[in-house]
Amino acid sequence: MKKTFIERISDITHIHRRAAFADLPERIAAKETAFHALVKERYSCRAYKDTPLTDAQIGQILEAARLAPTAANRQPVHVWVVKSPEGLEKLGGATNYIYGAPAVFMVGARADAAWVRKYDGKNGAEIDAAIVGTHIMLEASALGLGNVWVGSFDPAKIKADFPETEGYEIVALFPVGVPDAGAGPKHEERVPMEQFASEI
């Protein structure tokens with residue numbers, strides 16, 4: 001069926017808008033990035049199968065953690081991978097929140113090696129460790145592995161049972177493994193955007 005004059009003009013206008021990238025914001029807004037999809041799908045996993053992680057999986061997670069940005073690139077962080085039955089049993093004495101994961105990534109920070117803000121003396125070690133931990137979670141999720149941030153543990157017990165951590169403050173533990181449970185009921189609870197963010 002032959003198009004009307006108005007329809008032909010409309011087509012031409014649409015072509016010109018695309019050629020001039022005038023509709024670029026609309027096209028970009030309509031697409032979900034792979035990263036956005038990843039962070040939307042990731043959840044805190046609290047049950048794991050006993051399938052061990054492969055060396056390749058551990059290596060990829062550690063490399064993502066190593067590449068994490070730190071203040072002034074000081075990198076005052078160390079990661080220990082606890083995966084032996086003995087190590088996991090010792091770690092279980094410091095926290096009840098391993099959830100049967102086959103591996104736990106312990107992230108520690110050295111305050112004496114970190115950048116310090118000159119205005120008020122704020123030490124960036126713990127923030128740097130949190131960024132590294134976030135990379136661990138996101139890379140594990142990208143590999144299809146469950147993970148969760150654990151902050152409830154006895155630091156003195158870890159220090160006593162893991163002398164390798166001497167000089168570091170353990171900031172967080174990250175159980176990682178093949179998930180054996182889905183997201184919890186609170187996973188999708190988020191404050192509205194207008195409460196979360198604002199322009200000034």
Please build a GNM for the chain, connecting alpha carbons under 10 Å apart, and tell me which residue among Tyr119, Tyr48, Tyr99 fluctuates the most.
-> Tyr119
Helix-only [θ] at 222 nm, the chain, -39500 (n - 2.57) per DSSP H run of 4+, per residue, nearest 500, equals -11500 deg cm²/dmol
Alpha-carbon centroids, segment 155-175 and segment 44-66: separation in whole Å | 19 Å
For Lys49, other-chain or 5+-apart residues with amide H closer than 5 Å (H placed, Pro excluded) are Val178, Asp180
For segment 60-174, rounded, prolate or oblate, judged on the Cα gyration tensor with a ≥ b ≥ c (square roots of eigenvalues), a/c < 1.5 rounded, else prolate if a/b > b/c?
-> oblate
Quick one: Karplus J couplings for segment 73-82, per residue in order, coefficients 6.51, -1.76, 1.60, θ = phi - 60°, nearest Hz, x for Gly and Pro?
-> 6, 6, 6, x, 10, 9, 10, 10, 9, 9
Under 5 Å between amide H atoms, partner at least 5 residues away or on a different chain: which partners does Ala103 have, H built in plane at 1.01 Å?
-> Val176
Ranked by GNM mean-square fluctuation in the chain (Cα springs under 10 Å), the top entry among Ala113, Ala142, Ala125 is Ala113
Ala172 long-range amide H proximity, modeled H, under 5 Å = Val107
Any idea of Arg74's accessible area? Nearest 10 Å², probe 1.4 Å.
-> 120 Å²
Candidates Phe153, Phe105, Phe162, ranked by Gaussian network fluctuation over the chain, Cα under 10 Å, top entry | Phe162
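Could you work out what % of the accessible surface of segment 100-200 is carbon and sulfur, using a 1.4 angstrom probe and leaving DNA, RNA and ligands out of the count? Write out the running numbers ahead of the final one.
On the way: 3110 of 5760 Å².
Carbon and sulfur together cover 54 percent of it.
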Answer rounded, prolate or oblate for segment 155-195, using the Cα gyration tensor with square roots of eigenvalues a ≥ b ≥ c: rounded when a/c is under 1.5, else prolate when a/b is larger than b/c, else oblate.
-> oblate
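To the nearest 20 debye, what charge dipole does the chain have about its Cα centre, counting +1 at the Cβ of each Lys and Arg and -1 at the Cβ of each Asp and Glu? Numbers along the way, then the final one.
Working: 23 positive and 26 negative charges, 161 e Å.
Dipole of the chain, to the nearest 20 debye: 780 debye.
The values are calculated or read from the model by the stated rules, or taken from the named source; none is laboratory data. Since the structure is predicted, the reported quantities are computational estimates derived from the model, not experimental observations. Neighbour counts run over all protein chains shown; Cβ positions are idealised from the backbone, glycine included. Ligands, DNA and RNA are excluded from the accessible area calculation, which covers all protein heavy atoms including side chains. Shrake-Rupley method; radii C 1.70, N 1.55, O 1.52, S 1.80 Å.
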